[in-house]
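A.B. asks: Dropping the structure in here first, questions after.
The values are calculated or read from the model by the stated rules, or taken from the named source; none is laboratory data. Computed from a prediction, not measured in an experiment: that's the story for all the values here. Methodologically, a virtual Cβ is constructed for each residue, glycine included, from the backbone with ideal geometry; neighbour enumeration extends over all protein chains shown.
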Amino acid sequence: MDIRIGITNSPREINFSSDKSIDDVKKTIGTALSDKAPFFELADDKGNIFVIPTEGVAYVELGNEESRRVGFVA
């Protein structure tokens, strides 16, 4: 699944792919925002960990969980 996170006062956004389900990612972000935690962590499919400050989150875009098709359509 593709994840895109916009950070306030930053011209760039965080883009990565994760093996987690959409529900797991939504739960992690929702819990951190509702508990007013200083940050939350997400891991990508390569094992890298992203630490994101909760007060700087402008938006979160979660892509679909379907894998891309490879090949030609006849």
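A.B. asks: Checking the structure you have, find out if any residue of region 63-74 is within 11 Å of the chain's Cα centre (by Cα) and at pLDDT 90 or above.
C.D. replies: Of all residues in region 63-74, those within 11 Å of the chain's Cα centre (by Cα) come to 63.
In the following step, the residues that additionally are at pLDDT 90 or above were identified as none.
Among the residues of region 63-74, not one is within 11 Å of the chain's Cα centre (by Cα) and at pLDDT 90 or above, which makes the answer no.
A.B. asks: Anything in region 20-56 that is within 11 Å of the chain's Cα centre (by Cα) and in a helix (DSSP H, G or I)? List them, or say none.
C.D. replies: Residues satisfying the conditions are ILE22, ASP24, VAL25, LYS26, THR28, ILE29.
A.B. asks: Name the residue that is surrounded by the fewest Cβ atoms within 10 Å (Cβ to Cβ), counting only residues in region 1-19 that are of a type outside the set (S, T, N, Q) and without any contact (Cβ under 8 Å) to a residue 40 or more places away in the chain. So that I can check it myself, show each step before the final result.
C.D. replies: Initially, region 1-19 is screened for residues of a type outside the set (S, T, N, Q), giving 1-7, 11-14, 16, 19.
Now restrict to residues that are without any contact (Cβ under 8 Å) to a residue 40 or more places away in the chain: 11-14, 16, 19.
Working: PRO11: 5, ARG12: 7, GLU13: 13, ILE14: 16, PHE16: 16, ASP19: 12.
Only one residue tops the list, namely PRO11.
A.B. asks: Give region 1-51 a look and list any residue that's out of contact with any Leu (no Cβ under 7 Å at 6 or more places or on another chain) and of a type in the set (Val, Ile, Thr), or say none.
C.D. replies: Within region 1-51, ILE5, ILE7, THR8, ILE14, ILE29, THR31, ILE49, VAL51 meet the criteria.
A.B. asks: Taking the condition of being among the aromatic types (Phe, Trp, Tyr) and surrounded by 16 or more Cβ atoms within 10 Å (Cβ to Cβ), how many residues in region 20-48 meet it? If you could, list the steps in order and put the result at the bottom.
C.D. replies: First, the residues of region 20-48 that are among the aromatic types (Phe, Trp, Tyr): 39-40.
Imposing the further condition that a residue be surrounded by 16 or more Cβ atoms within 10 Å (Cβ to Cβ) reduces the set to 40.
Number satisfying all stated conditions: 1.
A.B. asks: Kindly indicate whether THR8 is at pLDDT below 95 and touching a helix residue (DSSP H, G or I) at 6+ places or on another chain (Cβ under 9 Å).
C.D. replies: On the way: at pLDDT below 95: yes; touching a helix residue (DSSP H, G or I) at 6+ places or on another chain (Cβ under 9 Å): yes.
When the stated conditions are applied, THR8 passes them.
A.B. asks: Exactly one of (1) surrounded by fewer than 13 Cβ atoms within 10 Å (Cβ to Cβ); (2) modelled with pLDDT of 90 or more is unmet by VAL57. Its number?
C.D. replies: (1)
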